Amino acid sequence: MAAGGIRMTAIASLFQEAARRAAGFRQATPARHMPTHDYAASLACFEEPLPAAGSDMLDVIRRLSDGAEPGLHATTGPRFFGWVIGGSHPVGVAADFLTSAWGQNAGNHAAAPAAAAVETVAARWLFDLLKLPAESSVGFVTGATVANFTCLAAARGEVLRQVGWDADAKGLFGAPEITVLIGDDAHTTVFSALQFLGLGHDRVLRLPTDAMGRIDPAALAGTLDTVSGPVIAVLQAGQINTGAFDDFAAIIPPLKAKGAWVHVDGAFGLWAQASARTSHLSRGIEAADSWATDGHKWLQTPYDCGYAIVRNELAHRRAMTIAASYLPLAGEGERDPSHYVPELSRRARGFATWAMLKHLGRDGIAALIDQCCASARLVADLLSQQPGIAILNEVTLNQLVIRFGADLPSEEGDALTRKTIEKIQADGIIFAGGAKWRGRDVLRLSVTNFQTTSDEAQLAAQSIIAAFKSVSRG
Ligand SMILES: *Cc1c(COP(=O)(O)O)cnc(C)c1O
């Protein structure tokens, strides 16, 4: 196929075909739960040498969707409870179609004025919704992993600057040592961020946590007494298994008194701020210095959407600014998208964020958070009425930690839990996966989809109970 000279009618048919296929997938999703193709079968669909000759545009898109669909999880469906995965809401998807069609490079104002403007507005809306300081800045990044990285880069630069060291220019060679405090049940990606930043994933002071994974405030106070020099503390809103929050109101003030930079990983938990029913869980969180969160979890944007939010805008810019003679500088007081993220060229992530915030509004987002939490509680209530099934966490948010054979010795309970999970997955009415919590096998459920109503939650509980009974009998 020669490049160039594509007829407008051909483009329209191509886009229509992609949209038709996308809608067809969504229609089929509520009924399908496990992919029929695993990795090997998917690979077999695509494995061939690099084609010398090209293919027709429409054929390529049909070939892609035919080959991929059997290997797709129903992550967008109402009964997908695996990992912590948002629903990729149709409005966000449509905004992302346009984003790709427009082909904007959201690096700077000159290259993409509308993309930059929409990020400015969406950033303001995020502060308002998440009740964070209005003077903060936001980097629109790929997800919470890179948001943690970006925020911690700002933290590293600032705590060293305060002791007279310019880490952005000189690196860490010969720099004063930074003490990094982190809870024992922090998410693994925070440790990766520390690794990328030269702070080391093992060279940290791990603070003991309670049964739900919350940092023990007394242990923190004891540790703070022994620490001097620059300090970065990493707290958490929404533990990946239990959904628990550190006690921000109790632990941020002593950290700030010590001059620490306080970062919060709130990949999904920061959204508790958006509902009056859950905001007590994150009380005191606004006193932190930086917050990492995801759009592609609770806000339901399509993937590739996270936010690095930093109170000290200058520290954020210093850590991320890319300066080159051919790159225009934003005007005074203007926000250039690339000043707050590691990348220069990137997709215009602000469009999908703006579309979801505009579509749901403050009330719609609060209702979404409440519905997910209510559905999680309903599943917990129904399961805990069943002898032999135990809910191991306090269900305050959207996460459930479930144990089968709760009355059995540990090893037998582990085996029964694993068998029940296999049966649940084979039945295919829901999808959820196993995890380890406090050394034991558990089933973990995350209710993070806009379509998970109480009816869907009841169906989920029934399918879990049926699988457990069938495995226990066998
Ligand atoms: C999902 C998650 C992350 C990582 O976010 P990505 O969007 O996968 O990059 C970090 N921390 C917590 C608590 C999470 O739930």
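Working note: Karplus 6.51/-1.76/1.60 with θ = phi - 60° gives region 203-213 the couplings 7, 10, 9, 8, 8, x, 10, 8, 4, 9, x Hz, where Gly and Pro are set to x. For region 364-418, the percent of C-alpha pairs falling in each 5 Å distance bin, counted from 0 to the bin holding the largest distance, reads 4, 20, 24, 18, 14, 9, 5, 3, 1, 0. For region 97-358, the Kirkwood estimate of hydrodynamic radius, built from reciprocal distances between every pair of different alpha carbons, is 18.5 Å.
Ordering GLY92, ALA110, GLY243 by the projection of their Cα atoms onto the charge dipole of the chain, which places +1 on the Cβ of Lys and Arg and -1 on the Cβ of Asp and Glu, puts GLY92 at the extreme positive end. Annotation for LEU14 and ALA169: the two label points, set 7 Å from Cα along the Cα-Cβ direction, are 4.9 nm apart. With helices as the sole contributors, the chain gives -14000 deg cm²/dmol at 222 nm; each DSSP H run of n ≥ 4 counts as -39500 (n - 2.57), and the sum is divided by every residue. Computed from backbone phi with θ = phi - 60° and the Karplus coefficients 6.51, -1.76 and 1.60, the 3J(HN,Hα) list for region 51-56 is x, 6, 9, x, 10, 4 Hz; x is used for glycine and proline. Backbone geometry of region 23-38 corresponds, through the Karplus equation with coefficients 6.51, -1.76 and 1.60 at θ = phi - 60°, to 3J(HN,Hα) couplings of 5, x, 5, 5, 5, 7, 4, x, 8, 9, 10, 10, x, 7, 9, 8 Hz, x marking Gly and Pro. In terms of other Cβ atoms within 10 Å, GLU456, GLU119, GLU411, GLU48 run from fewest to most in the order GLU48, GLU411, GLU456, GLU119.
When only Cα pairs below 8 angstrom with a gap of at least 6 residues are kept, region 146-222 shows a relative contact order of 29 percent. Residue-normalised convex hull volume from the C-alpha trace of the chain: 175 Å³ per residue. Using the Cβ-Cβ distance between ASP427 and LYS258 with R0 = 56 Å, the FRET efficiency computed as 1/(1 + (r/R0)^6) comes to roughly 0.60.
State the Cα centre-to-centre distance between region 167-200 and region 356-419 in whole Å. Using only Cα atoms to place each centre, the spacing works out to 33 Å.
Around the amide H of TRP437, modelled in the peptide plane, lie the amide H atoms of VAL442, all under 5 Å away and 5 or more residues distant in sequence or on another chain. Rounded to the nearest 20 debye, the dipole size of the chain about its Cα centre is 440 debye, using +1 on the Cβ of Lys and Arg and -1 on the Cβ of Asp and Glu. From the Cα gyration tensor of region 367-473, with a ≥ b ≥ c the square roots of its eigenvalues, which class applies: rounded if a/c is under 1.5, or else prolate if a/b is larger than b/c, or else oblate? In terms of gyration-tensor shape, prolate. Dipole orientation for the chain: of the candidates SER472, MET356, GLY259, MET356 has the Cα lying most toward the positive pole (charges on Cβ; Lys, Arg +1; Asp, Glu -1). How would you classify region 53-201 from its alpha-carbon gyration tensor, with a ≥ b ≥ c the square roots of the eigenvalues: rounded for a/c under 1.5, else prolate if a/b is greater than b/c, otherwise oblate? Prolate.
Bear in mind that the values in this text are calculations on the coordinates, not laboratory data. Here the structure is a predicted model, which is why all the values come from computation and not from measurement. Positions of Cβ are generated from backbone atoms using ideal geometry, with glycine treated the same way; all protein chains shown enter the neighbour counts.
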